[in-house]
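The values are calculated or read from the model by the stated rules, or taken from the named source; none is laboratory data. Since we're looking at a predicted model, the values are computed, not measured. Positions of Cβ are generated from backbone atoms using ideal geometry, with glycine treated the same way; all protein chains shown enter the neighbour counts. Calculation scope for accessible area: heavy atoms of the full protein, side chains included, ligands and nucleic acids excluded. Shrake-Rupley method; radii C 1.70, N 1.55, O 1.52, S 1.80 Å.
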Amino acid sequence: MNESVRPSALALAPLLLFLALFFGAGLYYTTHGEAMGFYQLRAPVAILPALALAAFIAWRRGLKPLETLLSGMGDQNVVLMCLIFLLAGGFVEVSKAIGAVDAIVALGIGHVHPALLLPGLFVVAGFISLSLGTSMGTIAAVAPIALGVSDASGLDRALVLGAVIGGATFGDNLSVISDTAIVASRTQGCSMRDKFRENLKLALPAAVLTVIVLGLVAETAPVQPLDPVTPWLIVPYLVVLGLALAGVDVIIVLSLGLVIAGGFGAVFSDEFSVASYSTHIWEGFESMIEITLLSLLVGGLGALMKATGGLSWLAQVIGRFARGHRSRRAGEISIAALSATTDVFTANNTVAILISGGLARDIAQQHGVPPARAASVLDIFACVTQGVLPYGAQILLAASLGAVSPLALAGSVHYSWLLGAITVIAMLWPQRKAAGEPLDAAGHQGGAAAKRQ
């Protein structure tokens with residue numbers, strides 16, 4: 001951060017204006033009976049007045065607002081994120097069109113013992129979300145089938161939908177093509193593979209505990225197996241997941257995934273033509289237009305706030321909050337609180353990470369938090385919060401499909417609660433001393449590392 005930048009709380013006013021507009025409109029429409037109240041005023045529109053205010057503040061401080069805005073929007077990481085979003089959207093739509101989602105669901109649910117239905121739904125939703133990189137798409141695909149399972153087996157609908165939302169959150173948080181994972185890793189400056197490995201240390205224990213809990217909470221009757229499908233249709237997902245975990249560049253991974261999915265569609269579907277293939281790719285692009293546009297605008301807003309001292313002021317506040325300690329624990333807790341609070345106000349985990357990512361990186365550098373760990377904490381607490389928000393899109397979608405109270409669903413998403421608890425415990429657990437590195441006065445590790453930043 002430029003040392004000449006004077007810290008200023010006023011420079012954060014544009015962000016508060018954006019949150020006030022977005023959150024205020026959501027509350028207004030929700031209280032007036034709109035089921036998707038927090039999605040009536042689109043975020044790319046709500047941010048426009050904030051950009052105008054940020055530009056005015058920059059102008060008053062003698063800066064060049066347009067140049068600063070365009071510099072932030074054209075940042076290499078921002079543009080790369082946008083390209084990844086578009087390719088991921090195309091892959092998701094083509095995969096759905098060839099029947100790959102149906103194949104995963106049928107292969108996962110068929111011939112399952114009644115006691116394993118809830119864990120089975122969680123695992124299937126998790127695998128689909130891990131492959132598609134979208135919790136909303138997973139809920140939309142799996143919830144109708146899960147509700148059929150609920151009706152046939154006598155399971156409580158809130159439990160069934162809670163298992164689906166939990167699985168969708170698990171995959172969305174871990175997926176190498178998820179927009180939240182992409183934004184978290186890019187803003188923190190780490191590779192997707194390193195972020196995945198760090199995330200898995202916390203997500204896997206939470207997933208195992210969730211499977212155990214779901215296996216104990218309800219008794220069911222047998223359910224009829226679903227129609228047989230072609231298992232080969234899941235190959236594009238496996239290829240994408242395998243290549244990404246092997247460290248192949250995500251642009252190459254998604255491009256290959258698009259080609260392979262199209263090839264499988266041509267082989268296994270008589271109605272899949274070049275024209276329909278290109279149409280589905282375009283529909284995937286269209287599904288990502290909002291988040292792509294918002295990424296560009298948030299990049300510009302972040303550059304304006306940084307240039308006018310807003311991020312410097314926040315860093316000072318967080319430094320005082322941490323009482324001057326430069327420990328990993330203080331840094332991780334600050335990043336977690338920042339991510340969760342922002343998501344509460346935006347009701348969108350990707351937006352929350354976009355807004356808080358730059359500041360989280362500064363906090364991580366100051367407190368000796370490795371980039372992959374910072375990306376993991378940032379992503380986890382945005383996804384955990386989003387997974388239990390009664391006015392979040394995930395719960396609202398599931399609640400509308402199953403005619404269930406959003407509040408009832410919020411308490412049934414076992415995975416989100418367990419993941420949050422496990423991550424908090426991991427952050428508070430005493431760090432082991434690294435070789436040759438003493439602990440600080442508070443017993444925290446990383447003091448020396450932080451001082452080297």
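Quick one: which helices (runs of 4 or more DSSP H) sit completely within the range 135-212 and have at least 2 residues that are modelled with pLDDT of 90 or more? Show your work before the answer.
Details: elements: 135-153, 157-174, 179-188.
Filter on the range 135-212 gives 157-174, 179-188.
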**Message:** Would you confirm, using the coordinates I've provided, whether LEU69 is of a type outside the set (Asp, Glu), farther than 15 Å from LYS306 by Cα and in a helix (DSSP H, G or I)?
**Reply:** no
**Message:** Can you tell me which of (1) farther than 24 Å from LEU233 by Cα; (2) open to solvent by 10 Å² or more (accessible area, probe 1.4 Å) is the one VAL160 doesn't meet?
**Reply:** (2)
**Asked** Do you know which of the residues in the range 350-389 that are open to solvent by 10 Å² or more (accessible area, probe 1.4 Å) and of a type in the set (S, T, N, Q) is modelled with the highest pLDDT?
**Response** THR385
**Request:** Might you check whether a residue that is modelled with pLDDT of 85 or more and open to solvent by 80 Å² or more (accessible area, probe 1.4 Å) occurs anywhere in the range 46-55?
**Result:** yes
**Request:** Among what's in the range 94-124 and is open to solvent by 10 Å² or more (accessible area, probe 1.4 Å), among the small types (Gly, Ala, Ser) and closer than 21 Å to GLY263 by Cβ, pick the residue that is modelled with the highest pLDDT.
**Result:** ALA97
